[in-house]
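Structure first, commentary second.
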Amino acid sequence: MKTDSTRTEELPIYESLIREMGDVVEEARVVAEETQHQMSQALNGVAPAPQETGAP
């Protein structure tokens, strides 16, 4: 088991990875929440709003 001091020492590495690669965990959480909201609407019979594809 890791001690608190070991966890604290690892934070700078994790923070630098987030700066370089992005926060994948946060992005996954946002997508999961959006999907949950969309599925809730679908189960309640609410039509989804049209979304842009982002293609030029």
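The values are calculated or read from the model by the stated rules, or taken from the named source; none is laboratory data. Predicted, not measured: the structure shown is a model, and the values here were computed from it. We work out accessible area using only protein heavy atoms, side chains counted, and drop any ligands, DNA or RNA first. Shrake-Rupley method; radii C 1.70, N 1.55, O 1.52, S 1.80 Å.
A few remarks follow.
- Shown are M21, M39, whose ranking by accessible area with a 1.4 Å probe and every protein chain present, most to least, is M21, M39.
- Candidate residues V31, V25: accessible-area rank, largest first, probe 1.4 Å: V25, V31
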